[in-house]
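The values are calculated or read from the model by the stated rules, or taken from the named source; none is laboratory data. From a predicted model like this one, the values you see are computed outputs, not experimental measurements. Every residue, glycine as well, gets a Cβ built from its backbone with ideal geometry; the counts of neighbours run over all protein chains shown. Surface areas here come from the heavy atoms of the whole protein model, side chains and all, with no ligands, DNA or RNA. Shrake-Rupley method; radii C 1.70, N 1.55, O 1.52, S 1.80 Å.
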Amino acid sequence: MQNLNSEVRSAVITNGAIQLTWTLGQISHLGTYWLRDNCPCSLCRHPGNGQKLYEIVDLPRELSPREAFLAENQTLKVVWSDGHRSSYTQDWLIAHDLSEQARAARRPQVQLWRGDMAASLPAGDWPTVVADPVAELAWLERFSALGFGLLKNVPTEPGAVAEVGDRLGFVRVTNYGRLFDVKSVPNPTNLAYTAVGLGVHSDNPYRHPSPGVQLLHCLESEAPGGDTLLVDGFAAAEILRQEDTVAFELLTTLPMTFHYADGQTDLVAQQTLISVNRDGTVTGVHFNNRSADWLDAPAELTEDWYAAYIQFGRILKRPELELVFRLEPGQCLVMQNDRTLHGRTAFDPNLGRRYLQGCYIDRDAMDSRRRVLRRTITTPFTYLPPPQPARALATAA
Ligand SMILES: [Fe+2]
Ligand SMILES: [Zn+2]
């Protein structure tokens, strides 16, 4: 954080708003409604759950700070024009600093990767992760930074993947059920159990929202080939941004329509292949040739968009981006579905069985668990955690 070595030196009211000066010289302008809406007092927020006790329209139409001064421990005290009094601790002011540097430090610490990390896969031992919160947090931190993780020693029993899913979060039931089979047997009679290679993709972009996390659990892998391919979609998106900003812009603004239909189902969702937030940070990648349906966009833009799509598809096939490894029985691969794209090399089903089971969970439950564990555990993991919440989290929205 920008202000870790700096303290609040003074607070003054300038042009009707509060201005803080820090000991290292930075100046923060605190917006009036922004600051008042963060008042932590027991009239404004429930002392037990931290939830707001007023509606935004209840704040006075004309509001300004009447007095602002620093009290003990550099706590900012404010008396407002309606007589309300607020206190903000220095820790809170530091944790909520709106400077560009502080905001950048608070963003999720994403670590982009390439195919050369096969020797250092983010693996955890499932029985240990379940039993030891320190091991669980370390695994969750790596998952969060890298967008995938491997769990070893998951029982090789059908259905175990859903138990893992319910331990990491909550299994999301879809039209495919609670879990799905990816299975091939020697001399298959059903061509649905194909053995062809699959280019890297994200699953189910035709859902709204698309699944946050996919689990794939290996039960049998006798057939030669069928190795797992992973590509960091965020790293690929950054390469596209560097190599062609116009293509990047097109893929972040014009959505593709994705579609899946069968006798009982007709799922349609529009997704940009690359999602970015206001800061320009890549927040999602959706790529799936099989369910890409059609581009509903201004006619004069379709060819440029397709050029960008093809360019991005080529980047995703660059060998240096492909992480290739063999998923062994008892291993469960957990992937952030809108970041880590997955595929597989071809295999020969006549030479042995290959049986995987998968399920989907939402990502918020994993993020929540990570934050809860962080309250009490200092992780040996090296990423800088964001500031702890100043109060108990709200129970429900
Ligand atoms: Fe898939
Ligand atoms: Zn208040």
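Would you mention how many residues in region 284-304 are of a type outside the set (A, V, I, L, M, F, W, C) and without any contact (Cβ under 8 Å) to a residue 24 or more places away in the chain? It would help to see each step written out before you state the result.
Within region 284-304, the subset of a type outside the set (A, V, I, L, M, F, W, C) is 284, 286, 288-291, 293, 296, 298, 300, 302-304.
If we keep only those that are without any contact (Cβ under 8 Å) to a residue 24 or more places away in the chain as well, we get 298, 300, 302-303.
The number of residues fulfilling the criteria is 4.
For a quick check of your reading: which strands (runs of 3 or more DSSP E) sit entirely within region 8-70 and have at least 2 residues that are touching a residue at least 24 places away in the same chain (Cβ under 8 Å), more than 16 Å from ligand 1 (Cβ to nearest atom) and of a type in the set (A, V, I, L, M, F, W, C)? I'd like the intermediate steps shown before the answer.
Working: elements: 8-14, 17-22, 27-30, 65-70.
Passing ranges, in order: 8-14, 17-22, 65-70.
If I filter region 175-221 down to residues being outside any strand (DSSP E or B) and of a type in the set (A, V, I, L, M), which single residue comes out as modelled with the highest pLDDT?
Restricting attention to region 175-221, the residues satisfying the condition of being outside any strand (DSSP E or B) are 175-176, 178-179, 185-197, 202-212.
Filter once more, so that each one left must be of a type in the set (A, V, I, L, M): 179, 185, 191-192, 195-196.
Details: L179: 97, V185: 68, L191: 48, A192: 46, A195: 75, V196: 80.
If we take residues in region 175-221 being outside any strand (DSSP E or B) and of a type in the set (A, V, I, L, M), then L179 is modelled with the highest pLDDT.
With the structure loaded, tell me whether S221 is under 28 Å from E163 (Cα atoms), open to solvent by 20 Å² or more (accessible area, probe 1.4 Å) and hydroxyl-bearing (S, T, Y) or whether it fails that test.
On the way: under 28 Å from E163 (Cα atoms): yes; open to solvent by 20 Å² or more (accessible area, probe 1.4 Å): yes; hydroxyl-bearing (S, T, Y): yes.
Criteria met by S221.
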